[in-house]
Amino acid sequence: MNRITIALSKGRIFTETLPLLAAAGIRPLEDPESSRKLIIGTNRSDVTIIIVRASDVPTYVRHGAADLGVAGKDVLYEQGAEGVYQPLDLKIARCTMMVAVPAQFDYVNAVRQGARLRVATKYLKTAREHFAEKGVHVDLIKLYGSMELAPLVGLADAIVDLVSTGSTLRANHLVAVEDIMPISARLIVNQAALKLKGAAIQPLIEAVARAVQGEEADVAS
Ligand code: PRT
Ligand code: MG
């Protein structure tokens with residue numbers, strides 16, 4: 001029997017992937033939030049879920065430590081997705097990569113005047129490419145989280161970060177000034193695993209694809 005390992009991160013990715021896995025007949029036996037376990041069995045003896053940091057999912061899949069995984073497009077774009085197939089946009093964990101500034105900061109004018117913008121972000125590649133395309137000179141400041149704080153304490157003029165409801169921006173008196181790209185989570189698959197264990201993995205991908213289409217139809221109706 002081919003064993004299948006699926007890498008997921010705790011939080012929204014895990015929660016929103018559950019119904020898609022359920023549609024493929026896969027149900028985790030434990031909740032990673034309460035059990036604190038990093039290896040979780042499922043109702044199927046051949047399928048195991050491993051819990052990793054969101055930004056580590058592509059690494060586990062690329063190296064074949066997991067056969068499949070679910071990762072945000074933000075993570076895949078930033079790291080590059082060499083060595084992994086991305087057969088499905090799961091349309092979950094949706095948000096937008098945006099540029100945001102303090103409400104009182106005149107972004108349009110700063111850009112027009114060709115000022116050097118200080119931009120704090122976890123997404124260096126994404127930010128570098130975005131501003132290069134616009135011809136805006138930036139000094140990028142790498143952060144690992146809480147980007148929203150940076151402009152409030154004078155570390156940066158602007159941030160590049162994910163926005164979903166907008167409440168984090170509002171709570172910190174920031175406003176979005178540019179959309180960079182829409183983000184959703186993707187199913188990723190190790191290329192060798194797809195060849196070697198295709199008989200087990202292919203039906204799983206197809207079941208998840210049908211579930212995604214079903215969800216979409218629900219949203220549309
Ligand atoms: O939290 P941790 O540092 O462990 O890792 P992570 O932040 O990478 O993981 P997690 O679970 O928070 O996010 C996993 C994936 O969910 C991301 O890679 C995105 O693809 C996706 N996603 C969807 C989001 C959001 N929506 C989102 N809103 N990831 C993060 N956020 C954050 C955002 O960075 C900002 O701080 O939520 C805040 C804004 O939310 P709103 O609702 O206030 O706009
Ligand atoms: Mg987070």
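The values are calculated or read from the model by the stated rules, or taken from the named source; none is laboratory data. Source: prediction; values computed, not measured. Neighbour counts are summed over all protein chains in view; Cβ atoms, including those assigned to glycine, are modelled from backbone coordinates with ideal geometry. Just so you know, the surface numbers come from the protein's heavy atoms only, side chains and all, with ligands and any DNA or RNA stripped out. Shrake-Rupley method; radii C 1.70, N 1.55, O 1.52, S 1.80 Å.
Worth pointing out:
- With all protein chains kept in place, the per residue accessible area of the chain amounts to 51 square angstrom at a probe of 1.4 angstrom.
- Contour minus Cα-Cα distance for K10 and E129 (0.36 nm per residue): 39.9 nm
- Candidates V111, V84, V175: whichever shows maximal mean-square fluctuation once the chain is modelled as a Gaussian network with Cα springs under 10 Å: V111
- Gyration tensor (Cα) of the chain, equivalent ellipsoid semi-axes in angstrom: 37, 17, 16
- 222 nm mean residue ellipticity, helices alone, for the chain (DSSP H n ≥ 4; -39,500 (n - 2.57); rounded to 500): -10000 deg cm²/dmol
- Between I141, G11, I39, the Cα set farthest toward the positive side of the dipole of the chain (charges on each charged residue's Cβ, about the Cα centre) is that of I39.
- Test item: Cα-centred dipole of the stretch 95-182, Lys/Arg +1 and Asp/Glu -1 on Cβ, debye: 180
- Relative to the dominant Cα principal axis of the chain, helix 198-220 is inclined by about 50°.
- The lysine pair count for the stretch 81-221, using Cα distances under 21 Å and pairs eight or more places apart or on different chains, is 5.
- Maximal additional length on extending the K142-A220 stretch stands at 24.2 nm, based on 0.36 nm per residue less the C-alpha distance.
- The charge dipole of the chain, taken about its Cα centre with unit charges on the Cβ of Lys, Arg, Asp and Glu (plus for the first two, minus for the last two), comes to roughly 460 debye.
- Estimated inter-spin distance, D179 and L152, nm [label 7 Å along Cα→Cβ]: 2.7
- J(HN,Hα) series, the stretch 16-29, from Karplus relation 6.51 cos²θ - 1.76 cosθ + 1.60, nearest Hz, glycine and proline x: 7, 7, 3, x, 6, 5, 4, 5, 8, x, 10, 10, x, 8
- Prolate/oblate/rounded label for the stretch 95-182 (Cα gyration tensor, a/c 1.5): rounded
- Overall, the accessible surface of the stretch 16-97 at a probe of 1.4 angstrom is composed of carbon and sulfur to the extent of 50 percent.
- Rounded FRET efficiency, nearest 0.05, which uses the C-beta distance separating R36 from R170 and R0 of 30 Å: 0.35
- GNM result for the chain, Cα springs below 10 Å: residue of Y60, Y144, Y123 fluctuating most strongly: Y144
- Lysines whose Cα lies under 19 Å from that of K37, excluding same-chain neighbours fewer than 8 positions away: K10
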